[in-house]
1. Over its Cα atoms, what ratio of radius of gyration to 2.2 N^0.38 Å does region 14-97 give?
2. What number do you get for the chain when its Cα radius of gyration is normalised by 2.2 N^0.38 Å, N = residues?
3. Enumerate by residue number the trypsin sites (Lys or Arg not before Pro) in region 2-85 meeting two conditions: DSSP loop (anything except H, G, I, E, B), and at most 12 other Cβ atoms within 10 Å of the site's Cβ.
4. What percent antiparallel are the DSSP beta bridges of the chain, to the nearest 5?
5. Sorted from fewest to most neighbouring beta carbons within 10 Å, what does the list ASP110, ASP80 look like?
6. Give me a comma-separated list of calculated 3J(HN,Hα) values for region 72-88, in order, Karplus coefficients 6.51, -1.76, 1.60 applied at θ = phi - 60°, integers in Hz, x for any Gly or Pro.
7. Normalised by the number of residues in the chain, what is the relative contact order in percent for Cα pairs under 8 Å and 6+ residues apart?
8. Please tell me which of these pairs span more than 20 angstrom C-alpha to C-alpha: LYS173/LYS197; LYS106/LYS141; LYS164/LYS184; LYS48/LYS141?
Amino acid sequence: MSKDPGPVVPKFPRAELESRTVRVLRPKTWVAPDVRLLEIDGRPAVLKDFAPLPLATRLAIGLPLIRWEVPILRRLIGLDGVPQLLYTVDRFAFIMSHIEARPLYKVPGDELPAGIFDRVLDLVDALHARGVVHLDLRQRKNTLLTSANRPAIIDFAAALHFGKDGKIFRFMKNVDRTAILKLKNRVLPGSLTEAEKEQLHAFDRMRRFWPLKRRRPNLKDRIH
């Protein structure tokens, strides 16, 4: 994996966070960060902050996760359809752009824009072109449809960056793409092309050799 951290972003003073808070999006737990909607320069932004958590959690969970996710987001600066890293706060928090959207799987099929899954796959390919694999797109809540009817992808806490192509990177790219094809199959049954069906079948055959335990197949994921 590449050690290049990507572009530098400005710092935001922690002392101003409270006054900029609009509402809490997800309250902190002892292992999960405080996530808040802020308003900065008249625009919405999202704060992800581990600082309010107990010291042991901040050091054992918060610090490594921030050090992991921030460099990934730096590499995606300028790419439409993903959260933009706006500011770092300190070693326990950062601020990113807010995407007004809803999970794509919750949108009724007759309300989905034509060709939306082609555009989602284009966005996934754009991530891969920057060397980033998401690896958590099987979490359906991470693939969104924006208020402008455009695809978006969020939550890069599990993402990886590769500096060059190789077998592992190609496998990981298939993890992302097949996750979107499975989502398409579930949201729009019968819409997979023959080539997409074969891609899913080929990936499932390859996963038999994956050393980690796999989840039991869900009947809703049956290829139509």
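Bear in mind these aren't lab numbers, they're just calculated from the coordinates by the rules spelled out. Owing to the predicted nature of the structure, the values given are computational and were not obtained by experimental measurement. Note that each Cβ is placed from the backbone with ideal geometry, even for glycine, and that neighbours are counted across all protein chains shown.
1. Numbers: Rg = 12.5 Å, N = 84, 2.2 N^0.38 = 11.8 Å.
Normalised by 2.2 N^0.38 Å, the Cα Rg of region 14-97 equals 1.05.
2. Numbers: Rg = 18.5 Å, N = 224, 2.2 N^0.38 = 17.2 Å.
Rg over 2.2 N^0.38 Å, computed on Cα atoms: 1.08.
3. Values: sites: LYS3, LYS11, ARG14, ARG20, ARG23, LYS28, ARG36, LYS48, ARG58, ARG67, ARG74, ARG75; in loops: LYS3, LYS28.
Counting only loop positions with at most 12 other Cβ atoms within 10 Å, the trypsin sites (Lys or Arg not before Pro) in region 2-85 are LYS3.
4. Details: 28 of 29 bridges.
Around 95 percent of the beta bridges assigned by DSSP in the chain are antiparallel ones.
5. Numbers: ASP110 5, ASP80 12.
In order of increasing Cβ crowding within 10 Å: ASP110, ASP80.
6. Couplings: 5, 5, 4, 6, 9, 4, x, 8, 5, x, 9, x, 9, 5, 9, 8, 9 Hz.
7. Details: 330 pairs, mean separation 37.2, N = 224.
Relative contact order for the chain comes out at 17 percent.
8. Details: LYS173/LYS197 17 Å; LYS106/LYS141 9 Å; LYS164/LYS184 29 Å; LYS48/LYS141 17 Å.
Over 20 Å apart, Cα to Cα: LYS164/LYS184.
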